[in-house]
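Structure below; questions to follow.
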Amino acid sequence: MRNQNLSTTREKLLVGRISYLNIWPLFEMLNHNPISSRVDFISGHPSFLNSGLARGLIHISPSSSFEYLIRSEQYRLLPGLGISARNEVQSVLFCLPFSFDHLESYVAGGGAVRITTASAASTALLKVLWTFYWKLPQPRWIPVAPGQGRGSIEPFLEIGDQALNIYLNQDPDLRIIDLAGEWQKFTGLPFVFALWIVHSRAWKKLKKEIIDLCGLLHMARESLPGKMSELAATCPAPGFQSREIEAYWEKIEFALDPEHLAGLTVYGNYLTRLEMIPGMPVLDFI
């Protein structure tokens with residue numbers, strides 16, 4: 001399996017692969033399956049994959065739940081599969097260089113908040129919590145490239161491996177708020193960061209390949225609990241110890257059950273109230 005440039009047109013199934021630790025074990029399970037000869041993987045951060053999926057340059061991807069909610073008419077979903085957390089996830093963090101209690105006065109004084117451009121779902125989650133749970137005045141939101149929030153004098157949102165590094169190597173001068181944990185406190189439900197999204201055009205011409213991949217993903221997901229230690233020991237993640245990786249994976253769920261769907265629906269309803277999406281769409285599964 002190899003990465004492909006998005007401009008390449010092939011009849012193979014083009015599958016987006018998030019270049020973060022959170023999904024690594026599931027893709028690693030696919031590496032040893034014959035389907036690899038019929039699939040090309042396109043790696044990148046979530047927003048990059050969202051763009052490729054929206055343009056039809058990626059056929060299927062574990063992509064932002066926000067991407068589906070805002071463009072659902074273009075897509076179908078794989079049933080029973082997602083990337084979620086029921087509590088703290090350690091890799092979607094809102095970080096402040098001062099106490100949370102000072103955040104309201106900071107914003108009132110014109111203070112800005114940096115939000116990573118790497119994830120639409122996490123950025124929208126922060127805005128939902130900000131408005132409906134924390135009930136704070138709206139700040140100046142400043143989009144920044146991944147990793148450009150850390151070290152600033154402004155609060156910032158970071159995700160993925162860079163956020164996990166912040167969590168595991170906590171700076172005593174930095175206050176860290178785990179957004180998945182905050183969502184659970186607010187709603188009592190898990191938060192669905194990503195869904196397995198299929199572009200509708202790909203579904204029409206590559207049904208067999210997509211159904212085969214869906215079946216293999218379910219098998220891989222069901223096999224993961226007994227293989228986490230082995231996978232963590234072989235995971236190429238400089239800067240992280242295998243026990244840290246395994247503990248992190250234990251906080252992530254790859255299923256999409258009724259409770260996850262309830263959390264997704266509540267998220268969609270809040271996004272509708274913020275006018276970030278036109279309304280909570282019907283979830284259209286293959």
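When only residues in segment 88-121 that are of a type in the set (S, T, N, Q) and out of contact with any Asp or Glu (no Cβ under 9 Å at 6 or more places or on another chain) count, which is surrounded by the most Cβ atoms within 10 Å (Cβ to Cβ)?
Keep residues of segment 88-121 that are of a type in the set (S, T, N, Q), which gives 90-91, 99, 105, 116-117, 119.
Adding the requirement that they be out of contact with any Asp or Glu (no Cβ under 9 Å at 6 or more places or on another chain) leaves 99, 105, 117, 119.
Working: SER99: 9, SER105: 11, THR117: 15, SER119: 28.
The extreme case among them is SER119.
Give the number of residues within segment 95-133 that are more than 14 Å from TYR270 (Cα to Cα) and aromatic (Phe, Trp, Tyr). Working first, answer last.
Taking segment 95-133 as the starting set, the residues that turn out to be more than 14 Å from TYR270 (Cα to Cα) are 95-120.
Next cut, aromatic (Phe, Trp, Tyr) only: 98, 100, 106.
Adding up the residues that qualify gives 3.
I've got another one for you. GLY52: among the small types (Gly, Ala, Ser) and assigned to a helix (DSSP H, G or I), yes or no?
Numbers: among the small types (Gly, Ala, Ser): yes; assigned to a helix (DSSP H, G or I): yes.
Taking the combined requirement at face value, the residue satisfies it.
Same structure, new question: Output the residues belonging to segment 26-63 that are acidic (Asp, Glu) and more than 23 Å from TRP249 (Cα to Cα).
Just the residues of segment 26-63 that are acidic (Asp, Glu), to begin with: 28, 40.
Listed by number, the list holds a single entry, ASP40.
Looking only at segment 13-46, filter to residues that are modelled with pLDDT of 90 or more and of a type in the set (D, E, K, R); which one of those is surrounded by the most Cβ atoms within 10 Å (Cβ to Cβ)?
This residue is ARG17.
Does segment 66-84 contain at least one residue that is in contact with a His (Cβ under 8 Å, 6 or more places away or on another chain) and in a helix (DSSP H, G or I)?
So far as segment 66-84 goes, yes, one or more of its residues are in contact with a His (Cβ under 8 Å, 6 or more places away or on another chain) and in a helix (DSSP H, G or I).
I want to confirm something. Restricting to segment 27-49 and keeping residues that are under 13 Å from ALA118 (Cα atoms) and not hydroxyl-bearing (Ser, Thr, Tyr), which single residue is nearest to the chain's Cα centre (by Cα)?
PRO46
Now a separate question. Only one residue in SER223, SER200 is in contact (Cβ under 8 Å) with a residue 40 or more places away in the chain, surrounded by fewer than 16 Cβ atoms within 10 Å (Cβ to Cβ) and in contact with a strand residue (DSSP E or B) (Cβ under 7 Å, 6 or more places away or on another chain). Which one? If you could, list the steps in order and put the result at the bottom.
Values: SER223 fails: in contact with a strand residue (DSSP E or B) (Cβ under 7 Å, 6 or more places away or on another chain).
Within the list SER223, SER200, the selection yields SER200.
Do we have any residue at all in segment 255-278 that's in contact (Cβ under 8 Å) with a residue 60 or more places away in the chain, outside the structural domain of LEU136 (by TED's automatic domain parsing), crowded, with 17+ Cβ neighbours inside 10 Å and of a type in the set (Asp, Glu)?
Checked segment 255-278: no residue is in contact (Cβ under 8 Å) with a residue 60 or more places away in the chain, outside the structural domain of LEU136 (by TED's automatic domain parsing), crowded, with 17+ Cβ neighbours inside 10 Å and of a type in the set (Asp, Glu).
Just to be sure, is ILE176 surrounded by fewer than 18 Cβ atoms within 10 Å (Cβ to Cβ) and not assigned by TED's automatic domain parsing to the domain that holds PRO62? It would help to see each step written out before you state the result.
Numbers: surrounded by fewer than 18 Cβ atoms within 10 Å (Cβ to Cβ): yes; not assigned by TED's automatic domain parsing to the domain that holds PRO62: yes.
Here the answer is yes, as ILE176 does meet what is asked.
The values are calculated or read from the model by the stated rules, or taken from the named source; none is laboratory data. Remember, predicted model here, so these are calculated numbers, not experimental data. Virtual Cβ from ideal backbone geometry, glycine too; neighbours counted across all protein chains shown.
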